[in-house]
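The next block holds one structure in the form of structure tokens; read it before the comments.
The values are calculated or read from the model by the stated rules, or taken from the named source; none is laboratory data. These numbers were taken from a predicted model, which means no experiment stands behind them. Glycine gets a Cβ as well: all are built from the backbone with ideal geometry, and neighbour counts include every protein chain shown.
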Amino acid sequence: MRLICVLFLFISSCTSYETSPVMDEEMKYERDITMHVSMLNGNSWTQYYLINGSGVMPKADAYKIKVYPPGKADMITVTSCHVNKRTPNPEKKSKWFKKGYYEFEVPFKNTVDAENLCSFDIGVFEKDKGRHAWGLIAISDASRYNMPATMKCNGTRKRYNGTSVCQAKEGLIQGYEFKEKVSVAKVVGCEIANISSDQKYSATWRFVMPRGECEVFFVSYDDPIGKVHQAFLYGYGKMPIRGLK
Amino acid sequence: MSMIINMLGPLVFWLLEKWMTNQEKKKEFQESYFAFLDAVEKSGSTKVANHIAAKKSLKAEQLRILKEKEELKKQQGGE
């Protein structure tokens, strides 16, 4: 009887190790984390705003970000042009873990990030199972980029004031529309060619989504210094498929 | 009793073998995943390089448009 018990324990500890789908270091995966973001303005925090995968938040003194990982997470990272932080084993620190989500604060006012205005990448990792998910948040500052645009991105139509985020599959056609003629600043690896017009300046832009994250500026012909639109384009190669065994 | 041990011997051996394979698979997987995480960490520097390039390209485009408009004005003035 004792022998059978020992064997049973041994068998139960021998469940086979299942790996997740093979990860490709070069592959750009869709940003698909659900995030709730609150802003600090002066002394008060605003309500939480929902961001599904990627989105824009107005400039504020600081942000509280609630991340809802698709599974359990044992590491959360925040990367910007200035900051690279990771949570120290969030599941072991009760203050990080609240039912179903992790919450952390990102200071912004008077930071190098506020000077630079580049995007924040949020990463959620489950190291043991190799699962991961990402989110992208851009911060808009109307005092610097203030040319409105209507974005037609991945089947949605949305109006942005001066900064926008468009996430779609790389290689698909996306669009931006302005009230005036604009040109686009050329960046190596992120070239945007207007396929709807041969003109250098156009109010309507249709382009093939580049690969990975591209920060692109649309510049007004009438007022090139005063009217600029900052667009964060994210062309993903794959949607992460989860739940495979 | 000896019959039970004879029957269970191969089973124990099979389970041990399976356990060892799993451990190897796990180690292999974790190594590849840590390489993946390293690549993710490097994306921070790529982000900065892209951001700086974008800012430079914005300035260049603004200057180009201003120059183009100036040239146009000169041409129109000359005519």
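Counting just the residues of region A:127-159 that are more than 10 Å from every other protein chain (Cβ to nearest Cβ) and charged (D, E, K, R), which one comes out surrounded by the most Cβ atoms within 10 Å (Cβ to Cβ)? Step by step, filter region A:127-159, then rank; the result is A:LYS152. For region B:6-22, the tally of residues that are more than 8 Å from chain A (Cβ to nearest Cβ) and surrounded by 10 or more Cβ atoms within 10 Å (Cβ to Cβ) stands at 7. For region B:1-19, filtering for residues that are among the aliphatic types (A, V, I, L, M) and at pLDDT 90 or above leaves 2.
Check every one of the strands (runs of 3 or more DSSP E) wholly within region A:157-245 and list those with 2 or more residues that are closer than 18 Å to A:GLY55 by Cβ and modelled with pLDDT of 90 or more.
On the way: elements: A:163-169, A:173-184, A:202-208, A:212-220, A:228-236.
Per the criteria, A:163-169, A:173-184, A:212-220, A:228-236.
Can A:LYS179 be described as touching a residue at least 24 places away in the same chain (Cβ under 8 Å) and not assigned by TED's automatic domain parsing to the domain that holds A:CYS81? Yes: the conditions hold for A:LYS179.
Restricting attention to region B:1-33, which residues are small (Gly, Ala, Ser) and more than 25 Å from A:GLY130 (Cα to Cα)? I'd like the intermediate steps shown before the answer.
Step one: list which residues in region B:1-33 are small (Gly, Ala, Ser), which gives B:2, B:9, B:32.
B:SER2, B:GLY9, listed by residue number.
Could we say that A:THR111 is surrounded by 14 or more Cβ atoms within 10 Å (Cβ to Cβ), β-branched (Val, Ile, Thr) and in the same structural domain as A:ASP74 (by TED's automatic domain parsing) here? Yes.
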